[in-house]
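Reading through the structure tokens given below for one structure.
The values are calculated or read from the model by the stated rules, or taken from the named source; none is laboratory data. This is a predicted model, so every value here is computed, not measured. In this analysis, Cβ positions are derived from the backbone assuming ideal geometry, glycine residues included, and neighbour counts consider all displayed protein chains. The area values use the complete protein model at the heavy-atom level, side chains included, leaving out ligands, DNA and RNA. Shrake-Rupley method; radii C 1.70, N 1.55, O 1.52, S 1.80 Å.
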Amino acid sequence: MSSSATAPWKQILLNSISSNSHLKHSIYFQLATVGSNGRPSNRTVVFRGFQDGTDKIQINSDSRSRKIEDLKHCPFAEVCWYFTETWEQFRIHGRVDMIDASNSDPDKLRQREVAWFAGSVRSRLQYLGLTPGLPSLDEQPSNDSLDPSAGPVDAFCLLVLDPEKVDYLNLKSNERLAFSTGRSVNVPDESNQLNLKHMCTKVPLSNL
């Protein structure tokens, strides 16, 4: 979604985040991907904010994790985000841009660096640990010391999800809304920038 056309669902999501901000788990959501074997994978990730001036959702990840391999195979993913206080659910489907150390775009590398320094030193240390998913003989893997002023390590990857479809459900008001950009996945991003259309449709709850 382009920065010049803010999606209507974004404000609904921001309101939900604000209403549930006193709950620590409100910044966690599930991210589902599809692997090369055609099977789905799901995991809990942390919301790292929106990319400046856009509706794109940022997620920090380890470039050695399984989700990266999944996204290389299929760059589309879906977020499922439930707010327990307000009984609201957001399902957000879109394409994920992976920004790792090998990226050649200086603007994207700058975004990656900003995301790196936005995290705590403790959270950055995890990227110096063992490869995610591999067994460890040690109870607690030892991490090297990290210079707080140093830039991103190679294992740090910034994921940026560009929403194409959003399904919003409010169980308290029995309201369900479906939002879509109306873009074709076969059209290059450059030509989409001027053709985005935000559509909102009320969906009967019987269709859940």
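Here the alpha carbons of segment 1-91 define both size measures, Rg and Dmax, at 14.2, 40 Å. Solvent-accessible surface (1.4 Å probe) assigned to F179 amounts to roughly 20 Å².
What the Cβ-Cβ distance of N15 and S145 gives, at R0 = 45 Å and to the nearest 0.05, is a FRET efficiency of 0.60. Computed as a quarter of the hull surface, the mean projected area of the alpha carbon convex hull for segment 38-99 stands at 5.1 nm². If R0 is 35 Å, the Cβ-Cβ spacing of R122 and N174 corresponds to a FRET efficiency of close to 0.25.
Could you give the semi-axes, largest first, of the ellipsoid that matches segment 8-158, computed as the square roots of 5 times the alpha carbon gyration tensor eigenvalues and rounded to whole Å?
They are 25, 19, 18 Å, listed from largest to smallest.
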